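The values are calculated or read from the model by the stated rules, or taken from the named source; none is laboratory data. Predicted model only: the values in this text are computed from it and were never measured. Note: ideal-geometry Cβ built from the backbone for every residue, glycine included; neighbour counts use all protein chains shown.
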Amino acid sequence: MCLAIPGQVLDVYEANGARMGRVDFGGITKEVCLTFVPEAMVGDYAIVHAGFALSRVDERSALESLATFRELGLIEEELGITQPSEETAGEADTP
């Protein structure tokens, strides 16, 4: 499944000729290309898909969507964050 997830722009900078930013997705921060949304500024919320910000969105809508995605357990999956499975969760603690 590929969803577009809203996140808040924390920082804006240029890297290799592209407008980039650090974006917070409810506690998970990722580097995102902001080239398609040149008007996005620090503090704005943007819809992000596959590492690219596609459009700005208002804060209320962004927070509602993030809450829904979190309830459905989709945030980590969509952002490529792996959680330890129940089978492997305790293995690191075992000598």
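Worth a mention:
- No other residue among 64, 31 is free of Cβ contacts under 8 Å to residues at least 24 places away in the same chain and in a helix (DSSP H, G or I) apart from 64.
- Looking across the range 65-95, the residues that are in contact with a strand residue (DSSP E or B) (Cβ under 9 Å, 6 or more places away or on another chain) and either surrounded by 13 or more Cβ atoms within 10 Å (Cβ to Cβ) or modelled with pLDDT of 95 or more (or both) come down to 65, 66, 69, 74, 75, 78, 79.
- Residues considered: 26, 7. Of these, the only one that is touching a residue at least 12 places away in the same chain (Cβ under 8 Å), under 12 Å from residue 79 (Cα atoms) and assigned to a loop (DSSP other than H, G, I, E, B) is 26.
- In the range 12-26, the residues that are closer than 19 Å to residue 63 by Cα and in contact with a Lys or Arg (Cβ under 9 Å, 6 or more places away or on another chain): 22, 23, 24, 26
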